[in-house]
Amino acid sequence: MTLSNTVFASLIARDYLANGDGAITYDTDSGYEWLDLTYTRSMCLQDTLNNGCNNYHDYLASLDDGWLFANSQQVSNLLAKFAFASNQSAIYGDAKPGSGYYYYKNPNQTFISDVNALTLLGESMSAGSSLYGIKGFTRDNINGAHEQFMAYYNKNQSLGIVAFGDYHRVAQGKPIQAFYTYRVAKAESVFISSKPQITSTNVINNATALPEPASLTLFSLLLSALFMHGYYRRRKTECFQPI
């Protein structure tokens, strides 16, 4: 697989750990790969929280794959590549202010579609749950509270929430929290399918050889000529038999 599921001009889904997982989003403009938010959901930044969650930095070290915690500017540049309107926009409905975020009551289907497109980056809100979309931390923080970029809607699509860096919270390992994670792009992994592969050798060994059309025609003409030659030779012999 060279390219899979191209959605936007410079954003391409790639496989990471298994064939077909689509766990990486490759940005051809920046040269970065982004790990799906799904992989860092429910993690925390400090073990001292004693809440049993996995430590994000320990997780990156265990991967040993060059992944880094992204800053807010990098995430802002990435999200700008989507059709999503990061500022309050009438195209989604009437926006209401919140504390570091804003929301749309009964957002229209354009909002729903644009949030769905953002999940190319992985889900931090799970499909089928009460909330669906993306929500992730950056490494930029104020007194330990990290900036979050998020866009999601509730199950009955009656509420849409948006925040682009102005929403600050402590990463406590909640199920709806994740981390924007990037690395300098590597050569794309190629996974061999588990299904038996048909090779040219197998095809040749198992197939019945068929003559080319030109060879078949020539062979037919030769047979016809031999038949006619035999026919006239028998007629000539019969005509000169003594009575």
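Miscellaneous remarks
- Accessible area per residue, Å², the stretch 129-190 with all protein chains present, probe 1.4 Å: 44
- Positive minus negative residues near GLY122 (Lys, Arg vs Asp, Glu; Cβ under 9 Å): -1
- Computed E for VAL184/LYS81 - FRET, C-beta separation, R0 22 angstrom, nearest 0.05: 0.80
- Protein-only accessible surface order, largest first, of HIS146, HIS57 at 1.4 Å: HIS57, HIS146
- Backbone geometry of the stretch 174-179 corresponds, through the Karplus equation with coefficients 6.51, -1.76 and 1.60 at θ = phi - 60°, to 3J(HN,Hα) couplings of 6, x, 9, 10, 8, 10 Hz, x marking Gly and Pro.
- Taking 0.36 nm per residue of separation and subtracting the Cα-Cα distance, full extension of the segment from ILE142 to LEU17 would add 41.6 nm.
- The candidates PHE179, PHE191, arranged from most to least accessible area with a 1.4 Å probe in the full protein assembly, appear as PHE191, PHE179.
- Under the simplified labelling scheme, the ILE192-SER42 pair shows an inter-label distance of 3.4 nm, with each label point 7 Å from Cα along Cα→Cβ.
- With DNA, RNA and ligands ignored, accessible area of THR110 (1.4 Å probe; Å², nearest 10): 70
- Lysine pair count for the stretch 48-200 [Cα-Cα under 20 Å; pairs on different chains or 8 or more apart]: 9
- Taking label points 7 Å from Cα along the Cα-to-Cβ direction, SER10 and ASP58 give a separation of 3.7 nm.
The values are calculated or read from the model by the stated rules, or taken from the named source; none is laboratory data. Remember, it's a predicted structure, so these values are computed and weren't measured experimentally. In this analysis, Cβ positions are derived from the backbone assuming ideal geometry, glycine residues included, and neighbour counts consider all displayed protein chains. For the accessible areas, the whole protein counts, side chains as well, though only heavy atoms, and no ligand, DNA or RNA atoms are used. Shrake-Rupley method; radii C 1.70, N 1.55, O 1.52, S 1.80 Å.
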